[in-house]
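No value in this document is a laboratory result; all are computed from the given coordinates. Note that the structure is predicted; figures quoted are calculated from it, not measured. Virtual Cβ from ideal backbone geometry, glycine too; neighbours counted across all protein chains shown.
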Amino acid sequence: MSPTRSLAVSGIIVLLAACTSGASPEPSADASEPATSAPASAAAPSASAAGECAPESLASVADGRLTIGTDNPAFPPYWEPPAEGEEGTDPWELGDPYTKGGFEGAVAWAVAEELGFGDDDVDFIAVPFDLSYAPGEKDFDFYLAQVSYLPERAEAVDLSDGYFFSNQALVANADTPITEATSIADVAEFRLGVQVGTTSLAYIEDQIQPATEASVYNSNDAAIAALNADQVDGIVVDLPTAFFITAVQMDNGVVVAQFPTVGDEEEYFSLVLGLDSPLTDCVNQAIAALDESGELAAITQEWMSDNAGAPVFE
């Protein structure tokens, strides 16, 4: 695990306090349980899960069970760590899906419940981010780890309707010249860094169009290291990631600004399913039901917080 991922427990607790409305996490699974075991208590299946979308009717990876994938380490605020003093579930680092906490943890469990799966019918597996949308057979029913919808990704996998919509954002070290920028044109005069293969890179190239070509890194960790080494002036990430980076991964980081959505297209996160998955329609129905009921909005408010006053640059 890289140094930036070796986070102090106190830093994680501070972040979670800032990103939640005070709800207490449920106890994590005991460390002695297998990695694919959920907590013993089972929630009642959702009344909306019926017919072709009932668990017994779904062609899931494991009969009668729901297998959910995410990246590992599973970072807050997307996945919540176990309560202080409690051991997490192997092999999960930082965030543990079995706590049911964190933004994506809460979304995953809400979708599972909407589909009619109880607590003891859900398994989580670790899958690297870039393998989630690669062509080929999947060993999960759906996957979530801040995977933005892209048409080219949708050629290899099914991508669900959006469960989170976000602008791009600019992160820098406090009191550096780029923090004085007030517009996209100002930002374009600085050296920018970004993770390869992301929508943030596409936004830099298509919308910011910096005078100096952006430096591209294999991970956000590498981009942060370049920022702290003064190799770039700022890095562009999605807004939720910007809040996490400045709260936990940087000592002096600030969110300089967010950038507006272009045209009618919004940046959004999708659940990833295998190409032509028989579960896709049911997953979309579950997301729609959570949206209509207000539960998805409540989860978003609780775990992701508002835009924290980051100005929008035009």
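The slack in the chain from residue 293 to residue 211, taken as 0.36 nm per residue of separation less the alpha-carbon distance, amounts to 24.9 nm. Label sites at residue 183 and residue 252, each approximated as a point 7 angstrom past Cα along Cα to Cβ, lie 2.9 nm apart.
Here the 3J(HN,Hα) profile of region 83-100, calculated from phi with Karplus coefficients 6.51, -1.76 and 1.60 at θ = phi - 60°, is 4, 4, x, 9, 7, x, 8, 5, x, 6, 9, 6, x, 10, x, 7, 6, 6 Hz, Gly and Pro shown as x.
Extension gain, residue 175 to residue 218: 0.36 nm times the residue separation minus the Cα-Cα distance gives 12.8 nm. Taking other C-beta atoms within 10 angstrom as a stand-in for reagent exposure, 79, 109 fall in the order 109, 79, fewest first.
When the alpha-carbon atoms of region 167-259 are used, the pair Rg, Dmax equals 11.3, 31 angstrom.
Counting every other Cβ atom within 10 Å of each residue's Cβ, 171, 254 order from fewest to most as 254, 171. Taken along the Cα-to-beta-carbon direction at a fixed 7 Å, the label points for residue 59 and residue 281 span 1.2 nm. Using the Karplus relation 6.51 cos²θ - 1.76 cosθ + 1.60 with θ = phi - 60°, the per-residue 3J(HN,Hα) values for region 153-162 come to 5, 5, 7, 9, 9, 8, 10, 6, 4, x Hz, with x marking Gly and Pro. Close amide H pairs (under 5 Å, H built 1.01 Å from N) link residue 256 with 170, 171, 172, residues at least 5 positions away or on another chain. Here the dipole of region 167-259 is about 160 debye; that uses its Cα centre as origin and unit charges on the Cβ of Lys and Arg (positive) and Asp and Glu (negative).
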